[in-house]
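Following: one structure in structure tokens, then a few remarks.
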Amino acid sequence: MVFGSRVQLPIEEWPQPLTNIEQQVLELKPSTSLMAHIEVNPLITAVEKFSSLNELKRVFSYVLRFIDGCRKRRATSAYLSLAESDRALEAIIRITQQCYLRDELKAVKSDEPVGNPLRPLSPILNSAGILAVGGRLSQAPLPESSKHPVLLPKTAHLTKLLINHYHDMTLHGGPKVVQSLLQRFYWIIGARNLVRNLLSKCVKCIRMKPMFHQPLMADLPASRFAQGRAFLNVGVDLAGPFSLKSGPRRNSPIVKAYFSIFVCMSVKAIHLELLSSLSTPCFLAALDRFIGRRGLPSAIFSDNGTNFRGAARHLSETHQFLASSQPQIESHLLAHQIAWIFNPPSAPNFGGLWEAGVKSVKKHLKHVLHNQSFNYEEFQTILISCEAICNSRPLCAIGVNPNDGVDILTPGHFLTGAPLLARAESDVSETYIPPLKRWLLVSQATQCFWKRWKSDYLNTLIQRNKWTSSTDNIKVDDVVIIQTPNCPPQHWPLGIVTKVSPGVDNVVRVATVRTSHGVLSRPASKLAILPVGDPRE
């Protein structure tokens, strides 16, 4: 037994460590550092802290007045004079030229040739000791400031302040107006591009005339190429109101009526249903009539009900109806195992197929209705006639070769096997055709239509008719202007992008924007990006 401290024992009897830790010396690589001496003019740093030319001149005027006071040259007035303001501007110009045009100043003072960018201008020193343009207009009947304008570099902060000052003075005038006023007193190297660049970042000008973000046109969805029966995938929209007579009498009260349009996503066939009112039971009854005549669709596409909420009432009540009736309609479709897919809010270009269908129907209605008032049955007959006309229009261009035949492919071929306005054919019911051959003939005719649909119609969809150029995607934290209908541009709300939803091609076409009134989901085509970090913001 060992008593006392172990330190009193010999070293040989000390307990051995459990593990031997090998100490590794890390390789020390030599580090190299590069030091550069940069001279920073504190006066230039002070100039760059200002975002307004008037504020800069005011501060420098008081600084020069303080210096004069220290030299016992007291100011005669408590307010700044025009001479003091001009003197301060001359001092700021000297500081700028000494920082950016130092070599040119030395060359002119020593009567040496200047560098190539300024050599055609023949720079000189004016009476105030400021570098100015010599030029060839010394004998011209112009003011001295126009004959020998002051030289300023385009990278100087003072140059940007001058451009912004004249832009504000001309009530946000264009580049030509600003540049013409500048050239009366100053000569800026590369002024045209600089003026255009700075004016394109003016927040007030952007808010008055924003450039909205228009991404590349997306690829067509798979529902446009689904080969099956007609109206398997359907786009739906509502249109109206139309003024109809409630009865056959001449003095019958005038009531409102609407129509719903169902467009087949594959063959562009349309189906019209007349609605007596914008109520949920009325729309669901029209939907049931469509299903009973055309079959059960697998998916229904439509615009979001909040589209054009700020528009006029006669244009927005159909969309407000969709917004208020959305839960009842969704539950009705769920019972039929139908998916209802909404487009983003305020994005009518996402539903261009049914928007074009509504446009075509209204075009025919304008030629018929004029200012007349029809009753319910008469207007329904007119709608069905418009439906037959639209389903008889050709899906592809009409050829000029007589060998191609005269039967042009139309949406009616996929509904009845021929255009809906085609004349009746001769009676061949007495001709005997074996049942098997009859079935083969029907199948062959149907497959022939789809073959022509693939070879003739699909090729017409390959081109992008607009939105052909790709732009930079909208990013999170971008400050944007949100286009609002029936509202002047200066009152369009501002927002910050909090979430983007890129498509399968990684192009952002929908973004979530946070505003002072809440969170909105808007298409990229309704958003204009504001410049961030600009001194004029």
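Suppose we filter 201, 256, 268 for residues that are within 30 Å of residue 179 (Cα to Cα) and not in a helix (DSSP H, G or I); which single one remains?
Numbers: 256 fails: within 30 Å of residue 179 (Cα to Cα); 268 fails: within 30 Å of residue 179 (Cα to Cα).
Just a single option satisfies the conditions, and that option is 201.
Going through 473, 506 one at a time, which residue ends up being without any contact (Cβ under 8 Å) to a residue 40 or more places away in the chain and within 21 Å of residue 220 (Cα to Cα)?
Details: 473 fails: without any contact (Cβ under 8 Å) to a residue 40 or more places away in the chain.
Only one candidate passes the filter, namely 506.
Being assigned by TED's automatic domain parsing to the domain that holds residue 297, buried (at least 18 other Cβ atoms within 10 Å of the Cβ) and of a type outside the set (Val, Ile, Thr) narrows it down to one residue among 266, 252; which is it?
266
Just to verify a result, which residue in the stretch 101-111, among those that are surrounded by 10 or more Cβ atoms within 10 Å (Cβ to Cβ) and of a type in the set (D, E, K, R), is nearest to residue 133 (Cα to Cα)? Spell out the reasoning first.
Residues of the stretch 101-111 that are surrounded by 10 or more Cβ atoms within 10 Å (Cβ to Cβ), as a first pass: 101-109.
Among the residues that remain, those that are also of a type in the set (D, E, K, R) are: 102-104, 106, 109.
Details: 102: 16, 103: 16, 104: 12, 106: 15, 109: 14 Å.
Checking each candidate, the answer is 104.
Evaluate the following for residue 200: is it modelled with pLDDT of 85 or more and within 20 Å of the chain's Cα centre (by Cα)?
Answer is yes for this residue.
When the residues of the stretch 172-197 are narrowed to those that are within 27 Å of the chain's Cα centre (by Cα) and assigned to a loop (DSSP other than H, G, I, E, B), which ends up surrounded by the most Cβ atoms within 10 Å (Cβ to Cβ)?
If we take residues in the stretch 172-197 being within 27 Å of the chain's Cα centre (by Cα) and assigned to a loop (DSSP other than H, G, I, E, B), then 173 is surrounded by the most Cβ atoms within 10 Å (Cβ to Cβ).
Check the stretch 420-443 and report whether any residue there is out of contact with any strand residue (DSSP E or B) (no Cβ under 7 Å at 6 or more places or on another chain), at pLDDT 70 or above and part of a loop (DSSP other than H, G, I, E, B). Step through it out loud before you land on a result.
Of all residues in the stretch 420-443, those out of contact with any strand residue (DSSP E or B) (no Cβ under 7 Å at 6 or more places or on another chain) come to 420-443.
Cutting the leftovers down to at pLDDT 70 or above gives us none.
No, the stretch 420-443 has no match at all.
For the stretch 145-167: of the residues being in contact with a Ser or Thr (Cβ under 9 Å, 6 or more places away or on another chain) and over 21 Å from residue 117 (Cα atoms), which is surrounded by the most Cβ atoms within 10 Å (Cβ to Cβ)?
Only one residue tops the list, namely 161.
Which one is modelled with the lowest pLDDT among residues in the stretch 65-92 that are assigned to a helix (DSSP H, G or I), surrounded by fewer than 16 Cβ atoms within 10 Å (Cβ to Cβ) and of a type in the set (A, V, I, L, M)?
Within the stretch 65-92, the match that is modelled with the lowest pLDDT is 67.
Would you check which residues across the stretch 225-249 are surrounded by fewer than 16 Cβ atoms within 10 Å (Cβ to Cβ) and of a type in the set (Lys, Arg) and list them?
Matches in the stretch 225-249: 229, 249.
Here is a list: 121, 101. Which entry is touching a residue at least 60 places away in the same chain (Cβ under 8 Å) and at negative phi?
The unique qualifying residue is 121.
Given (1) hydroxyl-bearing (Ser, Thr, Tyr); (2) more than 22 Å from residue 523 (Cα to Cα); (3) at pLDDT below 65, where does residue 306 come up short, assuming only one miss?
The failed condition is (2).
Scanning for something among the basic types (Lys, Arg) and under 20 Å from residue 352 (Cα atoms), does the stretch 493-514 turn up at least one residue?
yes
Can you work out which of the residues in the stretch 93-121 that are within 44 Å of the chain's Cα centre (by Cα) and part of a loop (DSSP other than H, G, I, E, B) is farthest from residue 156 (Cα to Cα)?
For the stretch 93-121, the residue satisfying everything is 116.
Of the conditions (1) under 46 Å from the mean Cα position of the chain (by Cα); (2) in a loop (DSSP other than H, G, I, E, B); (3) over 22 Å from residue 90 (Cα atoms), residue 154 fails just one. Which one is it?
It fails just one condition, (3).
The values are calculated or read from the model by the stated rules, or taken from the named source; none is laboratory data. None of these values were measured; they are calculated from a predicted model. Ideal geometry is used to build each Cβ from the backbone, glycine not excepted, and the neighbour counts take in all protein chains shown.
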